[in-house]
1. For residues that are out of contact with any helix residue (DSSP H, G or I) (no Cβ under 7 Å at 6 or more places or on another chain) and buried (at least 19 other Cβ atoms within 10 Å of the Cβ), scanning just the stretch 188-203, find the one that is farthest from residue 287 (Cα to Cα).
2. If I filter the stretch 268-288 for residues that are surrounded by fewer than 19 Cβ atoms within 10 Å (Cβ to Cβ), part of a loop (DSSP other than H, G, I, E, B), at pLDDT below 85 and out of contact with any helix residue (DSSP H, G or I) (no Cβ under 6 Å at 6 or more places or on another chain), do I get at least one hit?
3. Go through the stretch 179-211 and give me each residue that's out of contact with any strand residue (DSSP E or B) (no Cβ under 6 Å at 6 or more places or on another chain) and under 27 Å from residue 101 (Cβ atoms).
4. I need the full set of residues from the stretch 99-114 which are loosely packed, with under 15 Cβ neighbours inside 10 Å and touching a residue at least 40 places away in the same chain (Cβ under 8 Å), in order please.
């Protein structure tokens, strides 16, 4: 019902159409280009599709809903079970962000600490959950990000992402051996052994393992201090842009009714990417999430979120 250029309620074209009022569109489809049954052998129907909408009323409701959602209280503390699950360099799910920051400081010499901006991607994009912190090593060879719940303000670790740049001598065999020594035998492997995963529950819990590192969202962050400059990557392999994997990957493609949503638990994934950048280096990414936690938080917030009605 809304013209395609105006699908983004806050986009530039939308703002220009602020005073448009009702909009009527008509599409003429010749018989050769539609799928209506033929009126006679070798023939068909010409059709005219007409739509009437009032975009301004929709845009106003969208803006009001957005403001209402921003003031929604964070997820209740009862959804967080304390520290649990495996760790990434000592960071566990359920830790406070302050505790995780101290652990990361003991793990590596931090060259820069940044606050991750809340996601502004459209629905369906990879999306970053809420907010968090990004830490870059002094040698620019390691990046660690910690995220809180899908709604900011809770202050507990709901996901950890680590990206390590290594010489080519750190090959797949070495990465696999080290990961197996730390986490045990992988629950599943993919991508010719370059993707390893650990977790419990039925096979549906690993349905997103393959796609989690393919769909990415650019990371926007600023220094911890309000006056600090925006984050800019200067990795040892020449990379200057950073994109996070799909942090909020669902536990299963559709969420089968016969699989309880809390059956999956924490899931850890290791992805090996050889010969990246210039000079070429091998990259290892580790992602620790709890798809069930993300699902529970999202359901609670969705049920409690106020929504503005469209008024004409």
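1. Looking at residues that are out of contact with any helix residue (DSSP H, G or I) (no Cβ under 7 Å at 6 or more places or on another chain) and buried (at least 19 other Cβ atoms within 10 Å of the Cβ), I get 201.
2. No, the stretch 268-288 contains no residue that is surrounded by fewer than 19 Cβ atoms within 10 Å (Cβ to Cβ), part of a loop (DSSP other than H, G, I, E, B), at pLDDT below 85 and out of contact with any helix residue (DSSP H, G or I) (no Cβ under 6 Å at 6 or more places or on another chain).
3. Initial filter on the stretch 179-211 (out of contact with any strand residue (DSSP E or B) (no Cβ under 6 Å at 6 or more places or on another chain)): 180-182, 184-185, 190-193, 200-204, 207-208, 211.
If the condition is that a residue be out of contact with any strand residue (DSSP E or B) (no Cβ under 6 Å at 6 or more places or on another chain) and under 27 Å from residue 101 (Cβ atoms), then 181, 182 are the ones that fit.
4. Looking only at the stretch 99-114, we keep the residues that are loosely packed, with under 15 Cβ neighbours inside 10 Å, and these are 102, 105-106, 109, 111.
Listed by number, the list is empty, since nothing qualifies.
A quick yes/no check of all residues on (1) under 22 Å from the mean Cα position of the chain (by Cα); (2) at pLDDT 85 or above; (3) part of a loop (DSSP other than H, G, I, E, B):
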| position | (1), (2), (3) |
| --- | --- |
| 169 | no, yes, yes |
| 182 | no, yes, no |
| 197 | yes, yes, no |
| 205 | yes, no, no |
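The values are calculated or read from the model by the stated rules, or taken from the named source; none is laboratory data. Remember, predicted model here, so these are calculated numbers, not experimental data. We place every Cβ from the backbone using ideal geometry, glycine too, and count neighbours over all the protein chains shown.
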